[in-house]
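The values are calculated or read from the model by the stated rules, or taken from the named source; none is laboratory data. Here the structure is a predicted model, which is why all the values come from computation and not from measurement. Cβ atoms come from the backbone with ideal geometry, glycine included; neighbour counts cover every protein chain shown.
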Amino acid sequence: MNTIIVFVIITSICVVNSSVVKSTKNADETTTSGNQEKFAEVKSSKKHEVYKTFDVNESRVYLDDVLFVLKNQNWTADEEPCLERTLLMLRNLQNFTLWAVWAWDSISSEPEGILYGNRFQLGNFDECMRAPWYRQHPELRSQYCLADIVLERTDRAVKKATDPFDPYESALNVLEYQSPIKRPLNRLTWGVCVPAVCAPRSVERLAGVMLARSHLGAVGLRARIAVSDSCQRADEPLRYDELFYAFISVAACSVVITLICTFLTYKWKRSAENNFKHQIIKAFDLQTNASKLLNRTDQGTDVMYGIKFLSMCIVVSGHQYGITNGGPVSNGVKVDEDALSVAGLFILHEDIVVDTFFLLSGFLTAAALGKLARMPNIFVLFFKRYMRLIVTYAVVIFYICAVFPHTGSGPLWNRAIAEDTKPCRENWWLNLLMVSNYINSQNMCLVISWYIPCDYHFFVVTVLLYWLYRRHPRVGRAAAVAVLLAALATPGVINYLNSLPAIQMFTYDFVSNPRGPIQFHLTYIKSHTRYAAYLIGFLSGYIFSRITASGNLKEISKKWSILGATLSLLMMTMMTFSGPTFLWRSYNALESAVYAALNRPVWAGSVALLVMCCSLGHVPLITGFLSWSPWVPLSRLTYGLYLFHTTLIARNVYVTRNPHHNDIFDNLTSCIGVICEGTMAALLITLFIEAPVLNVLNLCLSPRSSEREEKRADVESNHTNKVTDKRTSESGYLEENLPSTVYVISSKM
């Protein structure tokens, strides 16, 4: 009988103990595989520890799991303060104390939406950073940190999944899947709110514990966690430095001087005096400089106004799409699906539009030089072209270095400073020397600025070739042919030797880190791989200037004009949509090399054909639309818009608090806003800084003696040449040849 009683008691104890263990989550299940052995040792050393039971409505066991794991990790002496504050926060959280609940509430409890491309788990940044009691209770201050996590499976897949989205297969197949757009679904960035005393290594520990108890810890994924950015604290706001005050001072002085000179010019309007002092003051006059934006040229190329501005709008839309989708989006998988649609194919190779600006720049250079009776001093041309490019460029770089860090805040704001402001503060001088696309391009200030040194290099080399042609026609022709053939072949040869894709596409790896891909540095931004479009533009402009020299601007019949314009549009469409097909086609080195060599020259030639058909003939609807008067001032502001628009887009991304739901209408609305704001910024820079500086420069480089020589030369030429010579001598090489607006991504123009 006693034996039976003892057996019943032992059986009851075992049943109760089994029930407790069942109700408590195993510590092994809340960790990644890398820590399982460690916790096995902890368990063996604490065999007799009694686990707590909990009710269905009780949440303390979750915190007990976290506390257990944290306390049994190997914390160094330097990390002890962080451990103590974290444990204190968790215990107060169990008691539902406000300060602890406030901090924990700002953290996403576990990742969500990563299978749908929602990489950024940002929590509530403002809740973490702006608790009401931080000033009165500094010991309770927290910091916001970003942990970058890469998930890796620890087992080997039995076989490669034919359909990663098969609902009855493992979700690991989706995490490992990459679409042709190359968006990784096994990476996430997690925002955590931790005590202010915690170092990055301690934050990584906490993120690992939180990740292990989430649904992603159920299959023993290995997590590589890194906190590479400095954490943000509420008690450490960004201080205004000398650069900030210097920029504000320069901007204020420019505005004051311009307004004073505008007033004086208005006051002296009826005065007959036109001495050097009056000319200097007039150089700052707002009304005079604004009126120049509305002036049309007599070149017969009015369609260029519309082409230039509309191309810039395409560039902005591409950057809006790319930069936005490189940041926090909640529907990344849907975005990638849309990118492979017919409309999406246009965006993937939309960078080809930049060659429109190279074409226009070369065209206008040739049109101006071709009308000159004698070749001007080429070094003066180089200097004036440099100044024409550098003024607005320098203002934008100064703004990014001095003011941009103070224009926002957010979970990703430290990355904005690291990716935009820091490279500019370190490498601004490379940009101003026009060598940033060759030297230290991995840390280039303002990624899209690669176009500017390219444009300047093209201008210098092309003017030298033209100067050689004017001096020694045979040698000049031979040199021009050799350079053109080399420019056509170089991109293809480099692509072939390095086994590169046919084009640099706007896939996720590029839009999220444009400085990263090797192709960006080898072929996309280098002058020697982009020269062909500019040369085609120069040859087209030279032919155009020779035709118009006869005074007959309507030599192409309407029939042939329409046919030529149609062919041009078809070729541009074909180049735009054929490039992205290389995403899903098997790689062929020779095919990719040929396409890389020819796709940009073909595009440039198509645009040149459209310009010639509209300017030397008449294409109904297209000619009138592209020559519309409002395009005139807008086209003259495209350079400033180009330089400034990515700063506006990037700021909107960096200040975001939650993942953005991407859709076409929202992108369109944002794009229109960026165009309007960027154009307004370009107008202010033009009126208050660029135009006055260039006007003063022209006055200083045009002494009275040279003016008399120009007048004598003008008498010997006809009226048309006289007007052209005067404009060219004053502007360096055609006032309207804007540094042909460029493109990116976040680097285009």
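A few comments on the model shown:
- Residue under evaluation HIS406, criteria (1) closer than 28 Å to ASN658 by Cβ; (2) of a type outside the set (Gly, Ala, Ser); (3) crowded, with 17+ Cβ neighbours inside 10 Å; (4) modelled with pLDDT under 95, criterion not met: (3)
- Filter result for the condition that a residue is without any contact (Cβ under 8 Å) to a residue 12 or more places away in the chain and either under 30 Å from VAL619 (Cα atoms) or among the hydroxyl-bearing types (Ser, Thr, Tyr) (or both), over TYR245, TYR305, TYR321, TYR266: TYR245
- Some residue of region 304-317 being in the same structural domain as SER540 (by TED's automatic domain parsing), closer than 30 Å to GLN121 by Cα, out of contact with any Lys or Arg (no Cβ under 7 Å at 6 or more places or on another chain) and at pLDDT below 95: yes
- Residues (assigned to a loop (DSSP other than H, G, I, E, B), touching a Phe, Trp or Tyr at 6+ places or on another chain (Cβ under 9 Å) and not small (Gly, Ala, Ser)) located in region 104-131: ILE107, PRO111, LEU122
Per-residue answers, yes or no, for (1) over 14 Å from THR356 (Cβ atoms); (2) in contact with a Leu (Cβ under 6 Å, 6 or more places away or on another chain); (3) touching a residue at least 12 places away in the same chain (Cβ under 8 Å); (4) surrounded by 14 or more Cβ atoms within 10 Å (Cβ to Cβ):
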site: PHE582; (1), (2), (3), (4): yes, no, yes, yes
site: TYR587; (1), (2), (3), (4): yes, no, yes, no
site: SER592; (1), (2), (3), (4): yes, no, yes, yes
site: LEU610; (1), (2), (3), (4): no, no, yes, yes
site: VAL619; (1), (2), (3), (4): yes, no, yes, yes
site: ILE622; (1), (2), (3), (4): yes, no, yes, yes
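- Restricting LEU146, LEU151, LEU175 to residues that are within 28 Å of the chain's Cα centre (by Cα) and within 30 Å of ASN92 (Cα to Cα) narrows the list to LEU146.
- Matching option when the condition is within 25 Å of LEU90 (Cβ to Cβ), of a type in the set (A, V, I, L, M), crowded, with 17+ Cβ neighbours inside 10 Å and within 26 Å of the chain's Cα centre (by Cα), among VAL203, VAL227, VAL209: VAL227
- A search for C-beta distances below 6 Å between a residue of region 171-196 that is farther than 24 Å from THR581 by Cβ and any residue that is part of a strand (DSSP E or B) and acidic (Asp, Glu), counting only pairs 6+ apart in sequence or on different chains, returns THR189/ASP148.
- Boolean, TRP102 is out of contact with any Cys (no Cβ under 7 Å at 6 or more places or on another chain) and surrounded by 18 or more Cβ atoms within 10 Å (Cβ to Cβ): yes
- Residues considered: SER629, SER635, SER717, SER670. Of these, the only one that is at pLDDT 50 or above and within 22 Å of ALA366 (Cα to Cα) is SER635.
So that you can scan it fast, the table gives a plain yes or no per residue for (1) more than 26 Å from THR462 (Cβ to Cβ); (2) at pLDDT below 90; (3) of a type in the set (Phe, Trp, Tyr):
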site: GLN320; (1), (2), (3): yes, no, no
site: GLY332; (1), (2), (3): yes, no, no
site: LEU340; (1), (2), (3): yes, yes, no
site: ILE347; (1), (2), (3): yes, yes, no
site: PHE357; (1), (2), (3): no, no, yes
site: GLY362; (1), (2), (3): no, no, no
site: GLY370; (1), (2), (3): no, yes, no
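- Output for region 392-403, where each listed residue is part of a helix (DSSP H, G or I) and surrounded by fewer than 19 Cβ atoms within 10 Å (Cβ to Cβ): ALA394, PHE398
Here's the yes/no breakdown for (1) in contact with a helix residue (DSSP H, G or I) (Cβ under 9 Å, 6 or more places away or on another chain); (2) not in a loop (DSSP other than H, G, I, E, B):
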| position | (1), (2) |
| --- | --- |
| ILE149 | yes, yes |
| THR154 | yes, no |
| THR162 | no, no |
| PHE165 | yes, no |
| SER170 | no, no |
| SER179 | yes, no |
| TRP190 | yes, yes |
| VAL194 | yes, yes |
| SER202 | yes, yes |
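- The helices (runs of 4 or more DSSP H) found wholly in region 224-307 and carrying at least 1 residues that are under 30 Å from ARG415 (Cα atoms) occupy 242-267.
- The condition of being free of Cβ contacts under 8 Å to residues at least 60 places away in the same chain and touching a Ser or Thr at 6+ places or on another chain (Cβ under 7 Å) holds for only one of ASN495, ASN440, ASN431, that being ASN431.
- Taken over region 72-109, the criterion of being farther than 12 Å from SER142 by Cβ, of a type in the set (D, E, K, R) and either without any contact (Cβ under 8 Å) to a residue 60 or more places away in the chain or not assigned by TED's automatic domain parsing to the domain that holds TYR144 (or both) is satisfied by GLU80, GLU84, ARG91.
- Of residues in region 651-667 being in a helix (DSSP H, G or I) and either among the β-branched types (Val, Ile, Thr) or in contact with a Ser or Thr (Cβ under 8 Å, 6 or more places away or on another chain) (or both), the one farthest from ASP455 (Cα to Cα): ILE664
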